[in-house]
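For reference, the structure discussed in these notes is given below.
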Amino acid sequence: MVAFTLAAAALFAERGEAFAAGGGPLLVDSDGSRPAFHLADMRPGARHVACTVVTNSGSGAGRVRVLAKAFGRLAPHLRVSVEPGNLPPATEFPRCDGFVRDRAVDSPFGRGVIYRGIVAGLASRARGVNGGTWRPGAARTFRLVVTLRDDAVAAGGRGRVTLVWRMAME
């Protein structure tokens, strides 16, 4: 049995010396700190999809980085894609019905994708990947796609992955 939890809820703003009391960036997500996935008996190649909306509800702009923290034996066997885009109004977490990737976002991973690869690869990037500059009130929708590689070593493995949207003031 393979168990895997992906939480897209670990959001925080880096305050640093420049953070003013009562102001600055504050990231809030739409999932109420619930895991995007909790998968038991995950099958190789099966695609699991969830969406979340992250909002800068603070009073300052900032640069956002997306990072991962991975625990357990599955990190080198899980593929993840983090895709910015849009959802129709009233779509509720974690559903992705009608999601459209934002192809204006161009990265080394392709149009409409800020990361695509092995979870361990994202976790090994100390600075994560570029999520862009967000102004106050900016809300961004992300689709998270997770698959387990077809690898016998992963059988019976367990793991936990937390995606983190980190903001630093400009």
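The values are calculated or read from the model by the stated rules, or taken from the named source; none is laboratory data. Note that this is a predicted model, so its numbers are computed, not measured. Reconstructed Cβ throughout: ideal geometry from the backbone, glycine too, with neighbour counts over all protein chains shown.
Some values worked out for this structure:
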quantity	calculated
Restricting segment 89-104 to residues that are of a type outside the set (Gly, Ala, Ser), more than 14 Å from residue 49 (Cβ to Cβ) and at pLDDT 90 or above, the residue that is surrounded by the most Cβ atoms within 10 Å (Cβ to Cβ)	102
Residues being farther than 15 Å from residue 143 by Cα, polar (S, T, N, Q) and out of contact with any Leu (no Cβ under 6 Å at 6 or more places or on another chain) - total across segment 57-112	2
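Here's the yes/no breakdown for (1) aromatic (Phe, Trp, Tyr); (2) in a strand (DSSP E or B); (3) loosely packed, with under 14 Cβ neighbours inside 10 Å; (4) within 13 Å of the chain's Cα centre (by Cα):
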{"residue": "122", "(1), (2), (3), (4)": "no, no, no, yes"}
{"residue": "137", "(1), (2), (3), (4)": "no, no, yes, no"}
{"residue": "143", "(1), (2), (3), (4)": "no, yes, no, yes"}
{"residue": "146", "(1), (2), (3), (4)": "no, yes, no, yes"}
{"residue": "156", "(1), (2), (3), (4)": "no, no, yes, no"}
{"residue": "167", "(1), (2), (3), (4)": "no, yes, no, no"}
